[in-house]
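Working notes, structure below.
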Amino acid sequence: MSGLIKSSIARKLVMALSGLFLVVFLTQHFVINFTSVIAPETFNQWSHFMGYNPLVQFVLQPILIAGVVIHFVMGFILEAQNKSARGVSYVKYNGGANASWMSRNMIYTGLVVLAFLGLHFYDFWVHEMAYKYVEVKAEDPTRYHAETVEKFAPIWRTLLYVVSFVLLSLHLWHGFASSFQSMGVNNKYSPVIQKIAKIFAVVIPLGFAFIAIYHHLNPITH
Amino acid sequence: MKLFLKIWRQKDASTKGQMVDYTLDGVEGDMSFLEMLDILNEDLINKGEEPVEFDHDCREGICGTCSLQINGEPHGPDRLVTTCQLHMRKFNDGDTIVIEPFRAKAFPVIKDLIVDRSSFDRIQQAGGYISVNTSGNTVDANAIPIEKHAADSAMDSATCIGCGACVAACKNASAMLFTSAKVSQFAQLPQGRVEATDRVMNMVRQMDLEGFGNCTNTGACEVECPKGISLENIARMNREYLAASVKG
Ligand code: SF4
Ligand code: FES
């Protein structure tokens, strides 16, 4: 089994599985976020549950962080190995002739998404940690919706989020569909799977962008 | 037609190379790309200069010896052809054509446009065969009944000519398409199943040892392959490899 990690096919599988795991997480995150638009009460309840449930906080959250770290560390390793596998670069390389822009620029779209994660962590996760463990404020299951909407008041943050979602979409466009090929799935269902994966890659980031813009345009007035 | 050529010249494996400009007149549309280079070389020889070294053998698209990265694409802009089958009518009078060797750490340049592709031979030697006792009691391969679609699909994989265009095209210089074709041509036949586990493990290990890059499913190989070897082969090899790893 240890041979698995040393081989190029195993590294490809690690990328695919960690990526698919993040896709599942993204779906879940989207569903909860969407309630902030259509049902603020539900959003508050779910957010509070996510923030205080020990299983979520101490088991699922570390697994999620591990998933993210594995995905990007492996991405960097692959990029470095792949760059060096060329040896001498071409004077003229017409990459656009045979492969999509998305598939050739996963490292860059991935880096933008990673940078976004930094901002997003700072915006929400650091804030929560400070609230719960530093300032040790009392539990307040009704605060989440207002806090979230307020975050999107500045136009710069809304714009940064929206741009990141566009890059996320480009990353998913290649990544999600390609993970099936990495797992060895290439059969008569593949065209349908590919289509669904591409629809997901557009719809989910679009949805996230919609939520950010919606909150920016609909501030809470007291 | 008149062409402006930019060609990679390199004296030998250890000397640094560079692009050199040539102007060539009188090229006809029905010449092959290699014939065009032949004419250039005749000119150079007549002038007492070193001809441009390039690989070729059959000149009919079956041996996989010709190579060349032409304007940034292996075997040039045409699809499903090797460089020897590429017609000059695909280019226009006055065009500038950039000609480089296939680039990969595992394909070191020997001279000018010739690269050493023996890394492919070593992958093949690591498992791209079936063990048959040929000492007088060889069984006729046709004696084993094989489903038509399996036979056809195995034949499709077997049409890989080992040219290396897949590696040259891939932004990662990955040899997955070649290796997967060589794994697949046996994996789909009963004769090949016997040693399937060892074959895929050994061939992938050799492929990694040679220093080829990791596949990221860009699909460039499939587009540039002169024989139309499809990505299905890579998916099959991934399955074979995972199954073999679990078996241990
Ligand atoms: S898979 Fe295609 S491109 Fe690669 S070596 Fe075989 S014939 Fe050439
Ligand atoms: S010279 Fe044989 S395939 Fe081109």
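Some points to look at:
- For first residues located in segment B:161-181 and over 22 Å from B:Asp55 (Cα atoms), partners that are within 16 Å of ligand 2 (Cβ to nearest atom) and modelled with pLDDT of 95 or more and lie 6+ apart or on another chain with Cβ distances below 6 Å form the pairs B:Ala181/B:Cys160; B:Ala181/B:Ile229.
- Qualifying residue in segment A:81-98 (condition: over 30 Å from B:Val200 (Cα atoms) and in contact (Cβ under 8 Å) with a residue 24 or more places away in the chain): no
- Unmet criterion (only one of (1) within 15 Å of ligand 2 (Cβ to nearest atom); (2) open to solvent by less than 20 Å² (accessible area, probe 1.4 Å)) for B:His87: (2)
- When residues of segment B:116-144 are limited to those that are touching a residue at least 60 places away in the same chain (Cβ under 8 Å) and open to solvent by less than 30 Å² (accessible area, probe 1.4 Å), the one farthest from the other protein chains (Cβ to nearest Cβ): B:Gly128
- Within segment B:190-215, being closer than 20 Å to A:Ser182 by Cβ and under 19 Å from the mean Cα position of the chain (by Cα) holds for B:Met203, B:Val204, B:Met207, B:Asp208, B:Phe212, B:Gly213, B:Asn214, B:Cys215.
- Cross-chain or 6+ apart pairs with Cβ under 6 Å, segment B:56-67 first and in contact (Cβ under 8 Å) with a residue 12 or more places away in the chain, then within 6 Å of ligand 2 (Cβ to nearest atom) and of a type in the set (D, E, K, R): B:Cys63/B:Asp57; B:Thr65/B:Asp57
- For B:Ile161, the requirement of being β-branched (Val, Ile, Thr), more than 14 Å from chain A (Cβ to nearest Cβ) and within 16 Å of ligand 2 (Cβ to nearest atom) is met.
- Taken together, B:Met201, B:Met207 contain a single residue that is at pLDDT 95 or above, over 30 Å from B:Asp78 (Cα atoms) and within 13 Å of chain A (Cβ to nearest Cβ), which is B:Met201.
- Helices (runs of 4 or more DSSP H) (entirely within segment B:145-206) containing at least 3 residues that are open to solvent by 10 Å² or more (accessible area, probe 1.4 Å): B:148-158, B:176-187, B:190-193
- In segment A:69-77, the count of residues that are more than 9 Å from every other protein chain (Cβ to nearest Cβ) and over 25 Å from B:Ala173 (Cα atoms) is one or more.
- Selection from segment A:141-186 of residues that are charged (D, E, K, R) and either open to solvent by less than 20 Å² (accessible area, probe 1.4 Å) or touching a residue at least 24 places away in the same chain (Cβ under 8 Å) (or both): A:Arg143, A:Glu150, A:Lys151, A:Arg157
- Restricting attention to segment B:219-248 and to residues that are closer than 22 Å to A:Ala177 by Cα and of a type in the set (Lys, Arg), the residue that is nearest to ligand 1 (Cβ to nearest atom) turns out to be B:Arg236.
- All of B:Glu73, B:Glu100, B:Glu42 fail the test of being more than 14 Å from chain A (Cβ to nearest Cβ) and either out of contact with any strand residue (DSSP E or B) (no Cβ under 9 Å at 6 or more places or on another chain) or modelled with pLDDT of 95 or more (or both), apart from B:Glu42.
- Residue in segment B:9-26 that is in contact with a Leu (Cβ under 7 Å, 6 or more places away or on another chain) and in contact (Cβ under 8 Å) with a residue 40 or more places away in the chain present: no
- Residue in segment B:7-65 that is farthest from B:Asp95 (Cα to Cα), counting only those that are hydroxyl-bearing (Ser, Thr, Tyr) and over 21 Å from the mean Cα position of the chain (by Cα): B:Ser14
The values are calculated or read from the model by the stated rules, or taken from the named source; none is laboratory data. All figures in this text were calculated on a predicted structure; none of them were measured in a lab. Note that we place each Cβ from the backbone using ideal geometry, even for glycine, and neighbour counts take in every protein chain shown. Side chains included, ligands, DNA and RNA excluded: accessible areas come from the protein's heavy atoms. Shrake-Rupley method; radii C 1.70, N 1.55, O 1.52, S 1.80 Å.
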